[in-house]
2 protein chains.
Amino acid sequence: MIGLSLMNVSSNKPTIGSRLTALFPIFDWMRDYQRTDFSSDLIAGIITAILLVPQGIAYAMLAGLPAEVGLYASILPPAIYALLGTSRTLSVGPVSIAAIMIASALSAPEIIDQGDPVTNAMILAAETGVILSLLSVFRMGTLVNFISHPVLVGFTSGAALLIMYSQLGHLFGIGKLSCGLNVDCFEDMFQRIKPVAMTIGILSVVTLIFFNKPLSRLLKHCNINAVLVTAISKSGPLLVVLVGALIASKLATGNGIVAPTVGSVPAGLPNFSIDLIYADTWQLLLPAAVFIALIAYVESIAIAKVTANIKRQRIEPNQELIALGSANLAAALTGGMPVAGGFSRTMVNFSAGAVTQMAMLIAAGILACAVLFFTDVFENILKTSLAAVILVAIAPLVKPYAIVKYWSYDHSDCVAAALTLVGVLTLGIEQGLGLGIAITLLSYLWRTSRPHIAVVGEVANTEHYRNIKRHDVTTWPHLLLIRVDENLTFANAGYIENYIHYEVIQRPELRHVVLIFASVSYIDTTALEALENLHTSLATNTIILHLAEVKGPVMDKLIQTSFLKKLTPGKVFFRTREAVTELAS
Amino acid sequence: MIGLSLMNVSSNKPTIGSRLTALFPIFDWMRDYQRTDFSSDLIAGIITAILLVPQGIAYAMLAGLPAEVGLYASILPPAIYALLGTSRTLSVGPVSIAAIMIASALSAPEIIDQGDPVTNAMILAAETGVILSLLSVFRMGTLVNFISHPVLVGFTSGAALLIMYSQLGHLFGIGKLSCGLNVDCFEDMFQRIKPVAMTIGILSVVTLIFFNKPLSRLLKHCNINAVLVTAISKSGPLLVVLVGALIASKLATGNGIVAPTVGSVPAGLPNFSIDLIYADTWQLLLPAAVFIALIAYVESIAIAKVTANIKRQRIEPNQELIALGSANLAAALTGGMPVAGGFSRTMVNFSAGAVTQMAMLIAAGILACAVLFFTDVFENILKTSLAAVILVAIAPLVKPYAIVKYWSYDHSDCVAAALTLVGVLTLGIEQGLGLGIAITLLSYLWRTSRPHIAVVGEVANTEHYRNIKRHDVTTWPHLLLIRVDENLTFANAGYIENYIHYEVIQRPELRHVVLIFASVSYIDTTALEALENLHTSLATNTIILHLAEVKGPVMDKLIQTSFLKKLTPGKVFFRTREAVTELAS
């Protein structure tokens, strides 16, 4: 079925139906939607909603925003994604890494001066949406490749450490920590620890850790239905948050609260708002929005692929840009914060049995009911409970071992990951990510600027030509065979030219140079000019330049230029063997 | 001879002699220096000096600096380069493109506030020297590859146009033009044109154009010795400048000068000066210095290669960084401006018969005599004459035709060149170059992120496997052969994964996927993880992933990881044929 509909999309004459499906992937599954699918999606949707409520509130707090901003971001944005996204199970909403990036962006002094943080968060969401949409229009989604996997691991590890540090204060009922390495400040903090908050906080962490894996194992041991196991174990966060609120409200006396709470949450659905025209703020927030958009997209695609691959479904990167961009615009219009696909939530949704985005539509509906009818309950939620939820959710993202392990396979990848982590912790979130991207690009260019080149000779009595340094091969004093193992571009043209000249200088009897282009799929202008220069300078020394094994597409382009004419009396040989037969004798 | 000495340098156990030669390439030719070499070098040195005097003064004016700054930069810097450089004929000294970059850097308001432009120019030279030296220490010379040839052409065309515009005012005796597109201002300018200056200026341009090519052709026609032809035709600038000065001083009356002159030039050699400690200025000039260093290096290397290739000599890029870095430090210490290898001057030096850097040592000696004894003459040199010299020298650098021509071979290279030109003219010199570099990098990444991949099949009864879209080949419903024609990196891992998944989805009977790595020389961490993910997701669909034709170096690295173990029951086949034999049946 999937294969068929995809083939429709990619066939030469798209039908109206297939076009509609490409624009709104929801039609892809809606047509064949079964009653059994719905019962699976219903259960998954409820379970995901149970997780989404505390996460929405917690990540809003993490971003330094009121609870409702996180809840609003969990209603319309996932519904819009359900309409437009190609993943059947991605759970779009507030996510932790984006939340700390939002916090970092909103806490810059020049942004604070711009007033209301909620408005600023909406602007950030709008910009994120616009950036993602523009990337889609220009089909530039592949540009997120800038962020290599090691840099992503370094970045998320660093960001997760920052998140954990930011939540420790809340866990102990102190509020935001901002001591740095000031010892006096820490002493002062100790004085301010609220014992009740701390006790609830630590118990919450222990409970959540227990719910995470030990409980599921225990329940599975008791032969309980798998979906029920997921439902129970994933209700940990909601349970912790609600029980915490209950205890605190019972303990509260006339003397005041025993631990800081989320505070009043307005009841009712968010209003549509388009009051976003603050040119200065837009400009100031733009750099942060670029990074948030990149990370939102990279993370979402990565997670979407994991579940899609298991089910042999396909993620269409460009459509994902549209879907995530629209989800963020929806967040901006309904008082939400920037959104992305959340890793843990998507895995919960998937393992709870979600078959389609119907699950997320159900979850969004439940969230809408929550803000309509249960905001009274949310008011009493303790910040210490939310800190516990965040800490337990975020801890697995810190992966020092993975970073160390990179070393054995590729030193430069390990260094890039480590420097990104250190950069995030010392320079700041965006700066650290920027540093990681810069390192990746530089080391990539450095590497491609030194391509593998080999002087080759003939393996006796065969048509094989191998590196003279590795194999015992026949060579000729007046014939030089050189194989270049990379595309010829500005990045390596100089290196290759230099290499060839060096080999030429060492061979006083040389008459012919044959470049073997078996691995060359592309020659850019700079490299073409380098080849022309090479031909000219060899010609002044009465050495003739030839080419061999030039691929079809490369030949097609060369024929359009005057290079092949200039090359005369040099030839283009179809196979290296032909060159040797003609020139070696 | 050259070959031999190079082999010494590159042999496994370097002798003290070869080490010395590597550090000071001057010893490479000094050892075998002949009397006949000296007579060639003497003539070339004199001819180059004849060109260097007016160029030194003119490019100083272009940079907005007093004449002596250009002359000083033509004494010690070329001498230092002669000691350290690997090119035998490169003429190091003030160059036009660097001069306009210096002018742009020094005319920024925050730099003007820092005081004396001469000190600022020296700081710029010191920074350029330090940057080039650092690039050498970290062996990062290849990073200048950022600047592709089309971007360089766009940049020099744009810079040359700016230079020409800047000199028009001087040509007419008005001084600096700064009208932009203001018509009133132009009218005012017309009023201020000095007729004598304009007449001398236009006549100078005509004379220089005549000296450039028509005169050499004429003289060659008369069977005059080639070196003498070069000497006569290259004395044009000096002649124009001196005759202009003579006429102006004769015409000068009590009413004042008829055209602006260079003004007093202090007699005597420059003092060694180390009074360069202005931390603020250093920081402010650093970005400009980075761009000047890049351009100085790129241009010098390009020119050095042209002459070296003709003579089968070798340019050692890293040693060039040291030589050019030291030359710029020498300029900074002796009151000079940043220096580089000049294109026209080097070609003059070469065609005048220079065999070694002795020619440039002689030229530097002549320049030293000039500042010792002839500064009185320089005082009367007219700015209009210098403008004529600059205009005629710079005009060939504007290459609109070359930029248009790029289109036919590579659209993106043409766009990069054109946008760099427009960027230089509208945004500024450094900004334009930065834009060009950014476009190059982005389009490079975009291209490598979409590598060539082909589903291949067997050409009947052969061992050849070809693209199913281009050839009539045998395929099997349960076996998919995919050939990837590029190294696997973060830049394309996602694209490749996506491509393979798409092909897999369309083949319901699929059991085996074989990736043919014949063109893959490198797999980075991100791509390795993508391969692992691919294996895992295929495995969940009971499809087995195999590899074929994995190159030695790639296999060496894979063996260090757990990937090959995880791949089981997938295999690594030496040849595609073996995979087909085993899996197709």
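The values are calculated or read from the model by the stated rules, or taken from the named source; none is laboratory data. Keep in mind that what you see is a predicted model, and the values were worked out from it rather than measured. Heads up, the Cβs are rebuilt from the backbone with ideal geometry, glycines too, and the neighbour counts pull from every protein chain shown. Each accessible area value is taken on the protein alone, full model and side chains, heavy atoms only, with ligands, DNA and RNA left out. Shrake-Rupley method; radii C 1.70, N 1.55, O 1.52, S 1.80 Å.
Of the residues A:LYS571, A:LYS565, ranked by 1.4 Å probe accessible area with the largest first, the sequence reads A:LYS565, A:LYS571. Placing unit charges on the Cβ atoms of the charged side chains and taking the dipole of chain A about its Cα centre, the candidate lying farthest along the positive direction among A:ILE224, A:THR475, A:VAL392 is A:ILE224. With every protein chain in place and a 1.4 angstrom probe, the accessible-area ranking of A:CYS414, A:CYS222, largest first, reads A:CYS222, A:CYS414. The alpha carbon centroids of region A:60-116 and region A:136-164 are separated by 17 Å. Summary of the geometry: region A:516-585 and region B:291-359, compared by the centres of their Cα atoms, lie 30 Å apart. Among complete DSSP H helices in chain B, those whose alpha-carbon atoms stretch at least 20 Å along the helix's long axis and whose mean Kyte-Doolittle hydropathy reaches 0.0 are B:35-62, B:117-137, B:149-171, B:195-212, B:236-251, B:279-310, B:317-333, B:358-373, B:411-426, B:429-448, B:525-540.
Label separation (B:LEU218 vs B:ILE112): 4.5 nm, computed from points 7 Å beyond Cα along the C-beta direction.
Calculation over all alpha carbon pairs of region A:351-466 in 5 angstrom steps from 0 returns a P(r) of 2, 8, 8, 10, 10, 9, 9, 12, 10, 6, 4, 3, 2, 2, 2, 1, 1, 0 percent. Taking both sides together, the accessible area buried where A meets B is about 6600 Å² for a 1.4 Å probe. Ignoring lysines fewer than eight residues from A:LYS311 along the same chain, none have Cα atoms less than 16 angstrom from its Cα.
Sorted shortest first, the distances from the A:MET30 label point to those of the same residue in the other copies are 8.4 nm; each point sits 7 Å from Cα along Cα-to-Cβ.
Distance between the 7 Å Cα→Cβ label points at A:ILE46 and A:PHE138: 4.7 nm. Pairs exceeding a 32 Å alpha-carbon distance, out of B:LYS220/B:LYS399; A:LYS399/A:LYS469; A:LYS250/A:LYS399; A:LYS213/A:LYS250: A:LYS399/A:LYS469; A:LYS250/A:LYS399. Accessible surface for B:ASP485 stands near 10 Å², nearest 10, in the context of the full protein assembly shown (1.4 Å probe). Between B:ALA438 and B:LEU168, the FRET efficiency estimated from the beta carbon spacing at R0 = 22 angstrom works out to 0.10. Probing with 1.4 Å while keeping every protein chain in the model, the per residue accessible area of chain B equals 42 Å². A probe of 1.4 angstrom, applied to the heavy atoms of all protein chains, finds A:LYS383 with accessible area near 60 square angstrom. Scoring B:358-371, A:91-104 by mean Cβ neighbours within 10 Å over their residues and listing the highest first yields A:91-104, B:358-371. For B:LYS234, the aspartates and glutamates whose Cα falls under 20 Å of its own Cα, not counting residues fewer than eight places away in the same chain, are B:ASP41. Peptide B:487-493 has a mean of 6 when you count, residue by residue, the C-beta atoms of other protein chains within 10 Å of its C-beta. Summarise the accessible area of region B:30-91 (1.4 Å probe, protein heavy atoms) by the percent that is carbon and sulfur. Within region B:30-91, the accessible surface is 63 percent carbon and sulfur. Proximity of backbone amide H atoms, modeled 1.01 Å from N, is registered between B:GLY175 and B:HIS170 at under 5 Å, excluding neighbours fewer than 5 places apart on the same chain. Most tightly packed first, judged by the mean number of other beta-carbon atoms within 10 Å of their residues, the peptides A:317-324, A:435-442 read A:317-324, A:435-442.
Computed with a 1.4 Å probe over protein heavy atoms only, the accessible area of B:VAL484 comes to about 0 Å². Gain on full extension, evaluated as 0.36 nm per residue between B:ILE202 and B:ILE16 minus their Cα-Cα distance, stands at 61.2 nm. The ratio of the alpha-carbon radius of gyration of the protein assembly as shown to the globular-protein estimate 2.2 N^0.38 Å is 1.09. Taking a ≥ b ≥ c as the square roots of the eigenvalues of the Cα gyration tensor of region B:481-585, is the shape rounded (a/c under 1.5), prolate (a/b larger than b/c) or oblate? Since a/c stays below 1.5, the shape of region B:481-585 is classed as rounded. A simple spin-label model places pseudo-atoms 7 Å from Cα toward Cβ; at B:THR426 and B:ARG511 they are separated by 6.1 nm. Give me the percent of the accessible area of region B:369-521 that comes from carbon and sulfur atoms, probe 1.4 Å, all protein chains in place. Carbon and sulfur: 61 percent of the exposed surface of region B:369-521. The calculated 222 nm mean residue ellipticity attributable to helices in chain A amounts to -20000 deg cm²/dmol, summing -39500 (n - 2.57) over DSSP H runs of n ≥ 4 and dividing by all residues. Of all aspartates and glutamates in the structure, the ones whose alpha carbon falls short of 16 Å from that of B:LYS566, not counting any fewer than 8 places away in one chain, are B:GLU529, B:GLU532. For the residues of B:407-417, the average number of beta carbons from a partner chain within 10 Å of their own beta carbon is 3. Taken along its principal axes, the alpha carbon cloud of chain B reaches lengths of 103, 65, 57 Å, longest axis first. Of the listed residues B:TYR33, A:TYR297, the order by accessible area with a 1.4 Å probe, largest first, is B:TYR33, A:TYR297.
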